[in-house]
Amino acid sequence: MFYGEYPGARHEPNVTPNSNLLIPRIGDESAVASSWERFLENRPLPGVGVRNVVLDSWRRSRSESVDPGIGSAPTANGDKIHLLRARSHDLYEAAKPVLETLREILRESGTLIMLSDPSGTILDLNGETRARDAGEQINLAPGGCWSEDLIGTNAIGTTIATHQPVQIYASEHYCIDVKHWTCAAAPILDPLGRNLLGVVDVSGVKETFHGHTLGLVISAAKQIEGILARRDAELHGRLLEHAMDGFSRYGNDCVVLFDQRGRIVKTSGSMQQAREMYGVRLPFEVGSQLTALDFAVHPDERIRQTPLWLRPEWLHPVRSRDGDLGTLLVIPIGTPTRQAVSIPSPASKATDEVFAEIIGTSQAISTAKARARRIAPLDLPVLLLGETGAGKEIFARAIHKASSKPEGPFIAVNCGALTRELLASELFGYSEGAFTGARRGGLPGKFEQADGGTLFLDEIGEMPLDMQPHLLRVLQDGVVVRLGDTKERKVAVRIIAATNRDLQTDSSTGRFREDLFHRLCVVSLHLPPLRERPEDTEAIIGYLNQRLARKYGCPPKSLDPEVLHHLLRYRWPGNIRELQNVFEAMFALSDGNRIDGSLLPPHIAGAAVDAVLARGEVTPAMAAGRLAEMERAAINAAVANSHGNLSMAARNLGISRSTLYVKLAAMRELPAAGN
């Protein structure tokens, strides 16, 4: 790598050799100054002298309408500085010894050593008197706000914008009164979630410039991150020790453990169910932060930041003798796990409770549940076969809960919803620098996240053919290699795959690897579509009614007989997912506590004619004068849904093709209703 380049920098056509330099070159100052003037006048740049990091920052500054004639950075008032320092107390305490050492190293350099918060506000500053006096002229002082959107290109603001270390020299600054300064800054990232915590910066008049300054601030930032990581490890150990009883007590619910800063430390249970039942919108990744549970934030601000879905009764403080360690969020989904008794409960009883959550008593669904119960304890791959919306993920979660490792993670991936490149990085993870934009430190893939538990691969039939050998290798060897890495990582994962395709046919025609098919289909389970178990529809509607009542905070709603009749007669080509979406829309749009016929989607209201045409059945909803209209609507909907294929439309209506021709001819001769 050439000295002064970004790691991974590429020499592209029409890009000058110094455009990717990490450290500025003093000799380019006049060329940069000329380019800055041309940039402000919207004239073409000469293509020499200006580094990419600087040009990108100039563009951001212009898009934020920063005035290049600003004489100094704005300042926060005293109260705000006090609040910001209190909020960054942990960062300040960790940074203090490191910045003290940096100050000793730079004692004779005529520079200022600073610590800013994530917004770019300077929290602490040290340096000799002359440098401090010069800095105060542009508000390079405690309370000064140096974000790009306020004062344009500068090391603190550009580091915040890019999350990368940067050194800015003289004319590279955006605002004219800052151009006689030079500065170098590096981000301090949260060791847990890699969020930005603050910035270390060294600044001075441009005569103090030295390329090694950037290395010093990068080293200082890394030392501070190390101190914070060791502190977090100690605190999280104590937090987990005091919270484990809660994970056992609420084993059937969705449980999330937060530390003092509102960061997720551990999770358990189904966030998908929490979203569906209560509208919970919470990232489920370790390190993600919820401001409402950050103890460092002022109580009034925490209240303002509390999301609407978060209920106070779900929050349980985790305490020790030394005070609050964090918060346990318990979102009720199932019934509390029973405590151990002298005579253990049979495993079959626990399994029955898991599969009782799958609604339905029909022969078709009972057969599927019985087979799933037998499959669950076997440590074998499972292939779920069924139409879209038939409940494949619900069955996968039930099999996981009834397995020998129910406490392990359950990780779901939709293989049909991602591009090939995204799917590869999602499944296998990637190392730092694997591609442009790769996360610092790399990222574990879903296989690693599911280690010790279950990985659910939905729509496996849509996986690109050239990716399938990589999946096969993991299944055979239990080894994952991240993109851009050579290190092998052992994983122990149970695979549950699902598809609505005929993979056996696809494998015989070369659309799916035959060896992968046989590896996945050690045990298969067919899930019946809803139309094959119509007797379960009413029970599912009742369950949805109760769940939506909890979600929207109202009593369950009553259904007009006409509405229930239509819902029970409809064939539900989209299965349970379609029923759920239709019913929630009617529930949310209904006034009061009753759902009437006006809320029925037209294609469902018209589809009830199927029963009339097939059996001559007349319902109260089809009183005289309306039957012809409903028949017309049903026929039009069937023809539209089959894209003009009359044979398919006739099959969907349950009548012969010749009967459909007769009815279409009659419709053309008669005026439409209301004409």
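Every read-out reported here was derived from the displayed coordinates using simple, explicitly stated rules and does not represent laboratory data. It should be emphasised that the depicted structure is a prediction, and the values quoted were computed from it without experimental measurement. Positions of Cβ are generated from backbone atoms using ideal geometry, with glycine treated the same way; all protein chains shown enter the neighbour counts.
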- request: Compute the whole-percent fraction of alpha carbon pairs in the stretch 154-213 spaced more than 19 Å apart.
  value: 30
- prompt: Between GLN137 and LEU422, what is the label-to-label distance in nm when each label sits 7 Å out along the Cα-to-Cβ direction?
  reply: 5.1
query: So what is the orientation-averaged projected area of the stretch 1-238, using the convex hull of its C-alpha atoms, in nm²?
result: 13.5
- line: Exposure-ranked with fewest Cβ neighbours within 10 Å first, ILE81, ILE495 stand as ILE81, ILE495
- prompt: Which value, to two decimals, describes the C-alpha radius of gyration of the stretch 250-331 once divided by 2.2 N^0.38 Å?
  reply: 1.04
- prompt: Placing +1 at every Lys and Arg Cβ and -1 at every Asp and Glu Cβ, with all other atoms neutral, what dipole size does the chain have around its Cα centre, in debye to the nearest 20?
  reply: 1640
field: Rh (Kirkwood; distinct C-alpha pairs) - the stretch 171-283, Å
entry: 17.7
- line: In this structure, the FRET efficiency calculated for HIS82 and LEU196 from their beta-carbon separation, with R0 = 22 Å, to the nearest 0.05, is 0.55
field: Ranking of GLU357, GLU225 by count of other Cβ atoms within 10 Å, fewest first
entry: GLU357, GLU225
- prompt: Once you treat every alpha carbon in the stretch 347-528 as an equal point and sum by Debye, what is log10 I(q)/I(0) at q = 0.08, 0.11, 0.14, 0.16 Å⁻¹?
  reply: -0.26, -0.48, -0.76, -0.97
task: Rank the residues ASP324, ASP485, ASP253, ASP294 as a footprinting-exposure proxy: fewest other Cβ atoms within 10 Å of their Cβ go first.
output: ASP324, ASP485, ASP294, ASP253
- prompt: Could you list log10 I(q)/I(0) for the chain at q = 0.05, 0.06, 0.11 Å⁻¹, which the Debye formula gives when each Cα is one point scatterer?
  reply: -0.36, -0.51, -1.18
statement: Scoring only Lys, Arg, Asp and Glu (+1, +1, -1, -1) among other residues with Cβ under 15 Å from the Cβ of LEU589 yields -1
field: Linear extension gain, GLU535 paired with ASP379, 0.36 nm per residue minus alpha-carbon span
entry: 52.8 nm
query: What angle, in degrees between 0 and 90 and rounded to the nearest 10, separates the Cα long axis of helix 575-589 from the longest principal axis of the Cα atoms of the chain?
result: 80
- prompt: Please identify the trypsin sites (Lys or Arg not before Pro) of the stretch 73-176 that satisfy two criteria: DSSP loop assignment and at most 15 other Cβ atoms within 10 Å. Which are they?
  reply: ARG107
- line: For the stretch 375-466, shape from the Cα gyration tensor axes a ≥ b ≥ c, cut at a/c of 1.5 then a/b versus b/c, turns out oblate
- prompt: Name the residues of the stretch 531-552 whose amide N is less than 20 Å from a point 7 angstrom out from the Cα of SER366 along the C-beta direction?
  reply: 531-543
task: Return one number: the angle in degrees, 0 to 90 and rounded to the nearest 10, between the long axis of the Cα atoms of helix 212-249 and the longest principal axis of the Cα atoms of the chain.
output: 40
- prompt: Of all GluC sites (Glu not before Pro) in the stretch 95-157, which ones are in loop regions per DSSP and have a Cβ with at most 12 other Cβ atoms within 10 Å?
  reply: GLU108
